[in-house]
């Protein structure tokens, strides 16, 4: 849910109502947000691939795994950061996969309700509350997003939004 509510800070209505911005400022902020989302998805994908390979092939060189995954995701060859230096692999396993799943859910919800953010959308908030937030531990994330959006979890809307120019 955090990813959905974070969209409020880049919502045009919210920004224009609360800050002294020109249209050109908003356009630039929107472009920056688009680039940031694209970079975060790629970074999360990279780290999730490294983590997966570390568990699948623990006998392989950690540095080789990181380098190969970096080349696969970003298209550049070179020495990537060594996974042994990154404590999140121990402290937060599966964090990066979860983050990209959450971004996909956010964009499923945005698509379903035809919104950029929940700002000012009381009906949307009420539906989020009753179908997604209140059932909290009763159902999995997947079950709740399916009940809310009427379709199985998909990355299609995230991919569509990231491919926009």
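Numbers below:
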read-out: Rounded Å value of the spacing that divides the Cα centres of region 98-149 and region 32-85; value: 29
read-out: Computed [θ] at 222 nm, deg cm²/dmol, the chain (DSSP H ≥ 4; -39,500 (n - 2.57); rounded to nearest 500); value: -19500 deg cm²/dmol
read-out: Three principal axis lengths of the chain [C-alpha, angstrom, descending]; value: 53, 44, 25
read-out: Fluctuation leader among 60, 144, 106 - the chain, Gaussian network, Cα springs under 10 angstrom; value: 60
read-out: Order by protection proxy (mean Cβ within 10 Å, highest first), peptides 75-82, 147-154, 7-14; value: 7-14, 147-154, 75-82
read-out: Gaussian network model of the chain, springs between alpha carbon atoms under 10 Å - residue of 136, 67, 85 with greatest fluctuation; value: 85
read-out: 0 to 90° range, to nearest 10: angle between helix 23-56 axis and the chain longest Cα axis; value: 40
read-out: Gained length - residue 30 relative to residue 64, 0.36 nm times residue gap less alpha-carbon distance; value: 8.6 nm
read-out: Angle between the chain longest axis and helix 62-74 axis [Cα atoms, degrees, rounded to 10]; value: 40
read-out: Choice from 74, 19, 155 with maximal GNM fluctuation in the chain (Cα, 10 Å cutoff); value: 19
read-out: Helix axis angle, 95-113 relative to the chain longest principal axis, alpha carbon, degrees; value: 30
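Computed from the coordinates by the stated procedures, all read-outs in this text should not be read as laboratory data. Predicted model only: the values in this text are computed from it and were never measured. Positions of Cβ are generated from backbone atoms using ideal geometry, with glycine treated the same way; all protein chains shown enter the neighbour counts.
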